[in-house]
1. Using +1 at the Cβ of each Lys and Arg and -1 at the Cβ of each Asp and Glu in the chain, identify which of 361, 427, 122 lies farthest towards the dipole's positive end.
2. Using 0.36 nm times the number of residues separating residue 228 and residue 105, minus their current alpha carbon distance, what extension gain do you get?
3. Please compute the modelled spin-label separation between residue 252 and residue 89, points set 7 Å along Cα→Cβ, answer in nm with one decimal.
4. Please give the contour-minus-distance gain from residue 145 to residue 306: 0.36 nm per residue of separation, less the Cα-Cα distance, rounded to one decimal in nm.
5. What is the gain in length, in nm to one decimal, between residue 177 and residue 155 on full extension, counting 0.36 nm per residue of separation less the C-alpha to C-alpha distance?
6. Sort the range 345-438 into rounded, prolate or oblate with this rule: let a ≥ b ≥ c be the square roots of the eigenvalues of the Cα gyration tensor; rounded if a/c is under 1.5, and if a/c is not under 1.5, prolate when a/b is larger than b/c, oblate otherwise.
7. In what sequence, largest accessible area first, do 399, 52, 215 appear using a 1.4 Å probe?
8. How are the C-alpha pair distances of the range 261-395 spread across 5 Å bins, as whole percents from the shortest bin up?
Amino acid sequence: MKQNSLFRNDEAQPLAAKLRPQSLEEFVGQTHLLGQGKVLRNLIESDRIASMIFWGPPGVGKTTLAQIIAQHTKAVFIDFSAVTSGIKEIRTVMQKAEDNRNYGEKTILFVDEIHRFNKAQQDAFLPFVEKGSIILIGATTENPSFEINGALLSRCKVFVLHSLKTDDLKTLLTRALKDPRGFGKQRVIMSPDMLDVIANFANGDARTALSTLEMVILNGNTENGTVTITPETLEQCISKKSLLYDKNGEEHYNIISALHKSMRNSDPDAAVYWLARMLEAGEDPLYVARRIVRFASEDVGLPDPNALTIAIAAYQACHFIGMPECSVHLTQAVVYLSIAPKSNALYLAYESAKRDALTQLSDPVPLVIRNAPTSLMKDLDYGKGYQYAHNSEDKLTTMQCLPDALMGKEYYKPTEQGLEAKYKARLEQIKDWKKKHK
């Protein structure tokens with residue numbers, strides 16, 4: 001149990017810490033979990049907490065909710081940080097929990113940023129969760145499916161916490177102005193519109209909203225005990241919006257997926273928006289450009305062969321001049337690819353051929369198309385019967401190029417989109433010619 005120091009100064013705490021909710025009634029947001037009759041609220045109020053994972057973006061109440069559970073439950077509560085703790089600390093805490101169990105007490109172990117633990121550290125929790133020594137509550141901003149061991153995850157209920165709505169954040173900001181723990185003892189003059197600006201700037205993060213409000217008020221004009229907030233003060237404190245984007249986390253993959261699927265759906269407006277979300281959050285433009293180059297062949301392909309040329313040109317522009325100038329080149333490529341005719345025939349052709357290649361590794365190359373640079377190879381009939389297409393009038397031959405086991409296999413199946421319709425007609429002519437000349 002933590003003891004307060006004689007020298008502790010609560011006034012020095014950040015506003016978000018001073019206003020941390022102490023009960024479910026004070027908690028704002030997550031009504032899908034904590035509304036009346038909802039499952040998590042029922043578990044907390046009935047003291048039937050089981051091991052669980054809170055998954056959500058920063059500043060939505062994961063740690064606060066764990067502390068509220070600590071106050072409601074009849075269990076020993078241990079706060080554990082994945083940032084500062086290792087195997088040794090885990091074993092010490094587990095022994096304490098085992099001792100508590102022997103005395104008939106439950107132990108709730110709250111692990112903040114549980115995704116930072118490696119596999120061995122996560123495995124150390126498993127036997128104690130299984131035999132009931134601890135009730136594990138983990139908090140993570142990362143997708144538990146990727147960051148938490150399957151065995152441990154299967155023993156925990158995952159609750160998804162959402163970004164706070166603008167109205168939720170305005171409720172918190174209004175409370176901060178009235179609550180004595182916040183600025184309730186001061187006279188603060190600021191227009192309601194300014195709270196809207198701060199709430200929108202915070203992008204669903206309560207901690208950011210309260211920290212921004214605190215900065216704005218501390219930099220306000222103070223006269224005769226009254227703090228006045230001007231638009232200029234607010235503008236200075238909000239230099240650039242903090243975008244929800246983690247270049248190494250799940251949101252990175254969510255947004256690149258959104259860009260890819262918007263282009264595939266021929267929606268240039270959505271595609272440009274997701275492009276801007278990535279670039280303005282600091283994403284490497286070359287990463288985006290590489291994905292665009294891939295898209296040019298995977299989703300456009302031969303209906304518009306120029307798509308690949310434009311995508312590669314955009315990549316080169318990014319390489320030459322970088323951000324922010326190259327944003328317009330990426331925009332040009334994204335818009336072009338969005339409105340270009342679409343075909344995944346090349347992608348499907350390769351995936352089909354790949355499956356056969358992996359299962360037909362032992363199929364030999366037909367002798368007729370093998371190279372024969374030595375006399376021995378010629379004696380073994382390498383290249384025997386090879387037909388040089390350029391020597392024929394139609395530049396076509398009936399020579400077999402696939403292994404016997406794959407005779408007649410068709411991988412590339414062109415569509416009627418754009419120029420691919422032209423290539424489809426040409427391919428059909430080639431196949432008809434080969435049938436007639438067999």
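The values are calculated or read from the model by the stated rules, or taken from the named source; none is laboratory data. Computed from a prediction, not measured in an experiment: that's the story for all the values here. Backbone-built Cβ (ideal geometry, glycine too); neighbour counts: all protein chains shown. Just so you know, the surface numbers come from the protein's heavy atoms only, side chains and all, with ligands and any DNA or RNA stripped out. Shrake-Rupley method; radii C 1.70, N 1.55, O 1.52, S 1.80 Å.
1. After comparing all options, I get 361.
2. Details: separation 123, 0.36 × 123 = 44.28 nm, distance 5.23 nm.
That works out to 39.0 nm of additional length.
3. The answer from the label model is 2.5 nm.
4. On the way: separation 161, 0.36 × 161 = 57.96 nm, distance 3.93 nm.
Once the chain is fully extended between residue 145 and residue 306, it gains 54.0 nm.
5. Details: separation 22, 0.36 × 22 = 7.92 nm, distance 4.21 nm.
Between residue 177 and residue 155, full extension yields an extra 3.7 nm.
6. Details: a/c = 2.64, a/b = 1.38, b/c = 1.91.
Here the range 345-438 falls in the oblate category.
7. Values: 399 30, 52 0, 215 90 Å².
The residues order as 215, 399, 52, largest area first.
8. Values per bin, smallest distances first: 2, 10, 14, 14, 11, 10, 9, 8, 8, 7, 5, 3, 1, 0.
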